[in-house]
Amino acid sequence: MATQDKHGIFESLGLGPSLEGASVGDEWFASSKDFIEVKSPTTGEVLAKVEQASEADYEQVAAQASRAFETWRAVPTPKRGEVVRLLGAALREKKEPLGRLVSLEMGKILTEGLGEVQEMIDICDYAVGLSRTLSGPTLQSERPKHRMMEQWHPLGPVGVITAFNFPVAVWAWNSALAFVCGDPVIWKPSSKTPLCAIACQNIARDVLRAAGVPVGVSNVIIGRGSGVGESILADPRLGLISATGSTRVGKHIGQVVGARLGRTILELGGNNALIISDKADLTGALASAFFGAVGTAGQRCTSTRRLIIHERVYDAFLDKLVTNYQKVNIGDPLDPKTLMGPLIDEGAVGDFEKAVAAARQQGGEILYGGKVLEPPFGRRTFVQPTVVAIDNGAPIVQTETFAPILYVMKYSSLEQAIALQNGVPQGLSSAIFTDSLSEAERFLSYVGSDCGIANVNVGTSGAEIGGAFGGEKETGGGRESGSDSWKQYMRRQTNTVNWGGEIHLAQGVDFHS
Ligand code: NAD
């Protein structure tokens, strides 16, 4: 079986059977005596044991990051960009084993594991460019012989908390930007995917050391959310917490960090819909709906969870979709023939079963799937991709279930379709398939989609690094990756300089003794 190449993957990424959860200097360290058994989602084989970090271990890591900041912020930004360029080069070299590790530990199929590493490389390239272009405007002063301008300064160490489903890319989205902005990163990955984090830190550590800059620019702390997670949230040394995860956890993070007036970037749950118009190219719509709903076994924040289909094409479209579902090859994610791997663990399978039962009870009709599969490799983590016809208002449709369940519904007018699309608490990704210009423009207008991402003839799932990524409403409002997301990792300073000698007060205020 393809998962057997664990040995080679481990060797090339500096992993072993027994690991520790805090990066301190060049070493790994932990003192909690609290161990995670990292199991393959595919077979249940124990891949490694990781001793989690304690709150005391966190303190060492945070102190190291604060010290590194003193040095790192003084390095000229293009030179910091050069270090990120070297990180991108190291990731290119390690793309194959790291992509395989993502598949092994998280369960996404290999092409998606490799794609995730490519995304890391892409954001490094992007950040290298940024390191020459980060800039603020010069502004017009109302006072004679004065100049106003904005400067952007490094912010300080940044806390990055990530979800299991993108175990390497989200770290890179944050770190590549934070590093060029002059900020060290303290990364708390999901305890479901600690090996990916250790592998990334090993790569970053070697790059930093070779570049002669403090290794404490990049830090990892693996531990419980209720332990080191809370330490990160409460730490006033961390001016920004960038958190990716469920809306439930994100609400807590927003409150705790908000209480100390820290900044957050919140990247939370989605409930993404694809509208399929009767004026659409149905072949493209089919391919996009299929990848969006079945890809990554429905475990992407941007996975297509709802299809809103025009009544004229509803039956024909669903016939074709279900035919595609029947052909999905489910199995070992490292086997190139596999299209859908396992869910992350038995808990996720439990959520799948509960959602299918709730959908039935709430009037849904299962058009395909709905069952947990006989475990092909011993672990009960494989499910059927599932299609359910149901009303948008059903409570289960209003919640994000992190599994390959697709809810389908009919519409007759575009206004109705947009109302259905927007009629959920989340607001991450959305799309319409149509060849009508006015339908497309309406969907993108202020009366259209209320999501952070709105696409035309492109599905909901997956995004390029060049755009700002994130969503509205219960998705948290954060934006990461491209466009001007870098600004959140820096502190803005407005400067007014008087080069004329005479003192002028703003707004013409006259104040003499
Ligand atoms: P999760 O909410 O269970 O965990 C996310 C992270 O929060 C983990 O690292 C976890 O350890 C940490 N955490 C938990 N409690 C904490 C606490 N008290 N203090 C600090 N940290 C704490 O999410 P998950 O199951 O790993 O991932 C799936 C979820 O993530 C889905 O809802 C998905 O939509 C969302 N997600 C969103 C995006 C996005 O960009 N919007 C991207 C990927 C995943």
query: Which one is nearest to the ligand (Cβ to nearest atom) among residues in the range 295-310 that are over 16 Å from the mean Cα position of the chain (by Cα) and over 16 Å from residue 348 (Cβ atoms)?
result: 306
query: Can you tell which of 249, 256 is surrounded by fewer than 20 Cβ atoms within 10 Å (Cβ to Cβ) and within 16 Å of the chain's Cα centre (by Cα)?
result: 249
task: Any residue in the range 244-255 that's assigned to a helix (DSSP H, G or I): show its pairings with residues that are of a type in the set (Ser, Thr, Tyr) and near the ligand (Cβ under 6 Å from one of its atoms) at Cβ separation under 8 Å, as long as the two are six or more apart or on different chains.
output: 247/475
- request: Return a yes/no flag: does the range 218-232 have any residue that is more than 9 Å from the ligand (Cβ to nearest atom), more than 20 Å from residue 13 (Cβ to Cβ) and surrounded by fewer than 24 Cβ atoms within 10 Å (Cβ to Cβ).
  value: no
task: Quick one: count up the residues across the range 70-87 that are surrounded by fewer than 22 Cβ atoms within 10 Å (Cβ to Cβ) and either under 25 Å from the mean Cα position of the chain (by Cα) or not basic (Lys, Arg) (or both).
output: 10
field: Selected residue (criterion: surrounded by the most Cβ atoms within 10 Å (Cβ to Cβ)) from residues of the range 323-336 that are of a type outside the set (Lys, Arg) and either within 16 Å of the ligand (Cβ to nearest atom) or part of a loop (DSSP other than H, G, I, E, B) (or both)
entry: 333
field: Flag for residue 420 being away from the ligand (no atom under 13 Å from the Cβ), among the hydrophobic types (A, V, I, L, M, F, W, C), in contact with a Phe, Trp or Tyr (Cβ under 7 Å, 6 or more places away or on another chain) and modelled with pLDDT of 95 or more
entry: yes
- request: Being buried (at least 20 other Cβ atoms within 10 Å of the Cβ), under 27 Å from the mean Cα position of the chain (by Cα) and closer than 23 Å to residue 213 by Cβ narrows it down to one of 61, 50, so name that one.
  value: 61
task: Please tell me if residue 135 is away from the ligand (no atom under 16 Å from the Cβ) and part of a loop (DSSP other than H, G, I, E, B).
output: yes
- prompt: What number of residues within the range 425-454 satisfy the criterion of being within 16 Å of the ligand (Cβ to nearest atom) and surrounded by fewer than 23 Cβ atoms within 10 Å (Cβ to Cβ)?
  reply: 3
task: Would you check which residues across the range 15-30 are modelled with pLDDT of 95 or more and surrounded by 16 or more Cβ atoms within 10 Å (Cβ to Cβ) and list them?
output: 15, 19, 20, 21, 22, 23, 28, 30
Inter-residue pairs, beta-carbon under 8 Å, first within 12 Å of residue 363 (Cβ to Cβ) and acidic (Asp, Glu) and in the range 379-394, second modelled with pLDDT of 95 or more and part of a strand (DSSP E or B), 6+ apart: 391/409
- prompt: Going by the conditions given, is residue 286 of a type in the set (A, V, I, L, M), free of Cβ contacts under 8 Å to residues at least 60 places away in the same chain and either more than 10 Å from the ligand (Cβ to nearest atom) or outside any strand (DSSP E or B) (or both)?
  reply: yes
message: Test of understanding: among 318, 339, 266, 261, which residue is closer than 30 Å to residue 153 by Cβ and more than 16 Å from the ligand (Cβ to nearest atom)?
response: 261
Qualifying residues in the range 233-246 (those that are among the small types (Gly, Ala, Ser) and within 6 Å of the ligand (Cβ to nearest atom)) - the one farthest from the chain's Cα centre (by Cα): 246
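The values are calculated or read from the model by the stated rules, or taken from the named source; none is laboratory data. It should be emphasised that the depicted structure is a prediction, and the values quoted were computed from it without experimental measurement. Note that each Cβ is placed from the backbone with ideal geometry, even for glycine, and that neighbours are counted across all protein chains shown.
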